[in-house]
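Just so you know, all these numbers are worked out from the coordinates, no wet-lab data involved. Computed from a prediction, not measured in an experiment: that's the story for all the values here. All Cβ positions, glycine included, derive from the backbone under ideal geometry; neighbour counts span all protein chains shown.
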Amino acid sequence: MPELIRDPLERALASAVAAMSLSRGMFFAVSALYFTRGVGLSPAAVGIGLTLAGGVGVLASYAGGRLSDRCGADRVQQWALAANGASLLAYAFAGNVVSFVLVAACVSATRGLLSTAQMTMLARWYVGPERVAVRARLRVVMNVLIGIGTLLAGLALVADTTTAYRLTVVLVGAITILGTVPLIGLRRRVAGLAARMDASGSAEASRGRSPLRDRTYVASTVLNAVLAVHFALTTVGVPLWVVYHTDAPTIVVSVLLLVNTAYVALFQVRASRGTQNLRTAGRSVRRAGLLLLTACLLFALAGHLGAAAATAVLVLAALASSAAETQGEAGGWGMAFELADPIRAGAYQGLSQTGNALALMLGPAVVTTTAIDHGTPGWIALGTLFAATGTATAVVANHAATRRDQHNTPVGTTPARI
């Protein structure tokens, strides 16, 4: 896929994302078994350690924005990717809970830096609809390669030995480090990249507005973070619900994951069209909230049906959830880009990615304490939260768009009716 992309920067980013996602898919498939069997940790220790590491990742996501403004997002991307690969490789040498937590913290921190640096690069280099479109294409690459990586890791799962899991972890680290190769020398290969990335040389940058003082941006970040909790449905909530609370066969969990991967790959780019417009972005997020409400109601219904009917309803729920994912991500990207002060792109994208990191860290707990612990009432509460959040996000987007229209209206003229 990357070789079909003509833009040199997008091609380099796509190649790096492909390597990182391939390794991530492999790691997701074997990590739990490796940590418990290879390192010898209890499931509780793994959960606590990863939660602590997630907190470090949240802080790193925010710091990554400041670092990208100061050092250049392209440099931060390359350094963080290399460090992420080295950290993943270090898992092969973890022998106790202390070393595991330290390595996990490094993995989470470098991943946080990576996500913020990538968004900052897109914000600084591309403009208008191109930013969201490139981000959408990168996400398609990510989803497809994660799926391939998961399939490749099946070889280790078939072998089911500590050696096979450890070897997979080594490959994960090596592949991630190889992902830095297309990022090397970007400044020489892409004319004008250095000037765009080096915000530290601009006198305006130090006077730019802090994102923490931008109430509209903070509100958008918080609301989109709440909506991003839905990612925990796919990774935690749905597998637990299918296995322990429905009559559907366990294999359905894999089917639902494939449905999600295929849907995002096919429709993410289409969903992103027009979301550089704030009102369109707000409508997209509102639509995502309503789709998530529908998905939650369907998931709840599946718990009251027989095996065949439950399977059919679960597939419908997965389709609704996947559609919500593409709509919510597209709208969220549009708002994160368009509401940001371009002078301090790194700081703004850092705040946006901090919200996403918090959602990823807290999402499993939110989903399990609502839908999994309380069944149908929990699903209804969770779906209502998503729908209300999507609606509130659309209100924020419309308000920001109206203020922008008024600000851009020449003196002596009447703003057009919306």
**Request:** Kindly put PHE267, PHE28, PHE337, PHE93 in sequence by how many other C-beta atoms sit within 10 Å of each C-beta, fewest to most.
**Result:** PHE93, PHE28, PHE267, PHE337
**Item:** Relative packing of peptides 297-303, 323-329 - highest average C-beta neighbours within 10 Å first
**Value:** 323-329, 297-303
**Prompt:** Could you give the dipole magnitude of the stretch 208-411 about its Cα centre, charging the beta-carbon of Lys and Arg +1 and that of Asp and Glu -1, in debye to the nearest 20?
**Reply:** 680 debye
**Item:** Order of SER352, SER108, SER99, SER254 - criterion: other Cβ atoms within 10 Å of each residue's Cβ, fewest first
**Value:** SER254, SER99, SER108, SER352
**Fill in**
Any helix of the chain counts here only if DSSP assigns it H throughout, its Cα atoms span 30 Å or more along the axis, and its mean Kyte-Doolittle hydropathy is at least 0.5, and such helices are 8-33, 43-71, 97-125, 129-152, 278-302, 307-338, 345-367
**Prompt:** If you average 1/r over every pair of different alpha-carbon atoms in the chain and take one over that average, what Kirkwood value in Å do you get?
**Reply:** 22.0 Å
**Message:** Can you sort TYR263, TYR34 from fewest to most other Cβ atoms within 10 Å of each residue's own Cβ?
**Reply:** TYR263, TYR34
